[in-house]
Amino acid sequence: MSWLKVGGPAECLYIPYNLEDLSHFLSFLSPKININVFGRLSNVLIRDGGLSGVTILIPPNFLPINLLKGNQISAGAGILDKNLSYQAMCAELGGLEFLSSIPGSIGGAVAMNAGCYGKEIKDIILEGKFIDRKGKISVLTKNEIGFLYRGTKLSEGKILIEAIFQGQPSKKEKIRSLIEKINSGREISQPKGYATGGSTFKNPTE
Ligand SMILES: Cc1cc2nc3c(=O)[nH]c(=O)nc-3n(C[C@H](O)[C@H](O)[C@H](O)COP(=O)(O)OP(=O)(O)OC[C@H]3O[C@@H](n4cnc5c(N)ncnc54)[C@H](O)[C@@H]3O)c2cc1C
């Protein structure tokens, strides 16, 4: 199940069909039960003993991608980063090209403040919509999410369900060539076709 294909089983795996399903599930889940939330599992190393409690896996079709006014684009938490980047390109929205080379979902990208090639989620996100353990939905701005280097200040138990990003008008061909440049740069620096963990080192700060 995980990107690195290691680790033990989940005690209980739940893949919500949609937001209503997840909300219903959470409202009936005992607060005593531990929950783990994942997207593509590309940033986790599962221990051999597996995962206790309920493991919630947000699937790609959980919530769709929508083009909004003002060059904004929203994406459900389960959407793969590369698919959002591709849809933004089709809509001639630049700024999301870096996502094309990160092998995770939007939920994981927001939780990790994922980034590469000089850009990270905090540079493009406007707000995130979250659901808590009781099924209550809240919208948090970029500042309220509190982005850190490869993380956020969010309290545990908040599950991202959707995020809105700000794109910049651009030409499809320009976006495509930037995506190709980013992906060929990665192919040169990281082995292709193997389940590697990607970059091992932290980016240096200024
Ligand atoms: C080959 C390779 C290359 C990589 N390159 C990069 C890179 O260039 N830049 C970079 O930043 N990262 C990179 N990564 C790491 C990883 O892909 C990113 O961190 C990615 O954003 C994780 O997304 P995911 O859906 O796989 O998250 P998961 O691994 O499923 O989860 C990661 C974390 O996010 C939390 N999470 C997931 N979904 C949600 C949600 N809906 N709500 C709340 N929390 C959630 C999980 O609880 C967990 O703590 C790379 C990984 C690999 C394997």
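Considering every Cα-Cα pair within the stretch 23-107, what fraction, in whole percent, is farther apart than 20 Å?
Here the long-distance tail beyond 20 Å is 46 percent of all Cα pairs in the stretch 23-107.
Using only the alpha carbon atoms of the stretch 65-169, find the Kirkwood hydrodynamic radius as the inverse mean reciprocal pair distance, in angstroms to one decimal. If you can, show how the numbers build up before the last one.
Numbers: mean 1/r = 0.0744 Å⁻¹.
Roughly 13.4 Å, rounded to one decimal.
As a test of understanding, state the convex hull volume per residue of the chain from its alpha carbons, in Å³. Write down the numbers at each step before the final one.
On the way: hull volume 26.5 nm³, N = 206.
Per residue, the Cα convex hull of the chain comes to 129 Å³.
Setting aside same-chain residues fewer than 8 positions from Lys129, which aspartates and glutamates have a Cα under 18 Å from its Cα?
Within the straight-line cut-off, Lys129 pairs with Glu20, Asp21, Asp81, Glu144, Glu156, Glu162.
In terms of Cα to Cα distance under 12 Å, which aspartates and glutamates are near enough to Lys5, apart from those fewer than 8 places away along the same chain?
Asp48
Would you list which lysines come within 19 Å of Lys122, measuring only between C-alpha atoms, while excluding same-chain residues fewer than 8 positions from it?
List returned: Lys82, Lys142, Lys153, Lys158, Lys202.
For the stretch 10-57, what is the Kirkwood estimate of the hydrodynamic radius, computed as the reciprocal of the mean inverse distance between distinct Cα atoms, to one decimal in Å?
Details: mean 1/r = 0.0864 Å⁻¹.
The Cα-based Kirkwood calculation yields 11.6 Å.
Before rounding to the nearest 500, sum -39500 (n - 2.57) across all DSSP H runs of length at least 4 in the chain and divide by the residue total; then give [θ] at 222 nm in deg cm²/dmol.
-7000 deg cm²/dmol
Give me the distance between the Cα centres of the stretch 174-189 and the stretch 85-155, rounded to whole Å.
One Cα centre to the other: 20 Å.
May I ask you to order 71-81, 16-26 by the average number of other C-beta atoms within 10 Å around their residues, highest value first? Spell out each step's value before the answer.
Details: 71-81: 23.4, 16-26: 16.1.
The densest-packed peptide leads the list: 71-81, 16-26.
With a sphere of radius 15 Å drawn around the Cβ of Tyr86, what net charge do the other residues whose Cβ falls strictly inside it have (Lys, Arg +1; Asp, Glu -1)?
Numbers: positive: Lys82, Lys172, Lys174, Arg176; negative: Asp81, Glu92, Glu97, Glu173, Glu180.
Charge balance near Tyr86 sits at -1.
I'd like the orientation of helix 172-189 relative to the chain: the angle between its Cα long axis and the longest Cα principal axis, in ° from 0 to 90, rounded to 10.
70 degrees
With a Cα-only, solvent-free Debye model of the stretch 109-164, what are the log10 I(q)/I(0) values at q = 0.14, 0.16, 0.24, 0.30 Å⁻¹?
Rounded to two decimals, the profile gives -0.33, -0.43, -0.91, -1.31.
Just for the chain, what percent of DSSP beta bridges are antiparallel, to the closest 5? Intermediate results must be reported in sequence, preceding the final value.
Details: 27 of 35 bridges.
Restricted to the chain, the bridges split so that about 75 percent are antiparallel.
Would you list Tyr149, Tyr86 from the most to the least accessible area, probe 1.4 Å? Before the final figure, lay out each step's value.
On the way: Tyr149 100, Tyr86 125 Å².
Per-residue accessible area, sorted high to low, gives Tyr86, Tyr149.
Could you work out the local net charge near Pro16, counting Lys and Arg as +1, Asp and Glu as -1, over the other residues with Cβ closer than 15 Å to its Cβ?
On the way: positive: Lys129, Arg133; negative: Glu20, Asp21, Asp132, Glu162.
Taking every Cβ under 15 Å from that of Pro16, the sum is -2.
Based on the mean of other Cβ atoms within 10 Å per residue, sort peptides 188-196, 176-184, 5-13 so the most packed one is first. Spell out each step's value before the answer.
Numbers: 188-196: 9.0, 176-184: 15.1, 5-13: 13.3.
Ranking, from highest mean packing down: 176-184, 5-13, 188-196.
At 1.4 Å probe radius, can you tell me the per residue accessible area of the chain in Å²? Intermediate results must be reported in sequence, preceding the final value.
Working: 11770 Å² over 206 residues.
Here the residues of the chain average 57 Å² of exposed surface.
Explain nothing, just the number: relative contact order of the chain, from Cα pairs under 8 Å at least 6 residues apart, as a whole percent. Could you put the intermediate results ahead of the total?
Numbers: 409 pairs, mean separation 43.6, N = 206.
Relative contact order, the chain: 21 percent.
The values are calculated or read from the model by the stated rules, or taken from the named source; none is laboratory data. Here the structure is a predicted model, which is why all the values come from computation and not from measurement. For neighbour counting, all protein chains shown are included, and Cβ atoms are generated from backbone atoms with ideal geometry for every residue, glycine included. Each accessible area value is taken on the protein alone, full model and side chains, heavy atoms only, with ligands, DNA and RNA left out. Shrake-Rupley method; radii C 1.70, N 1.55, O 1.52, S 1.80 Å.
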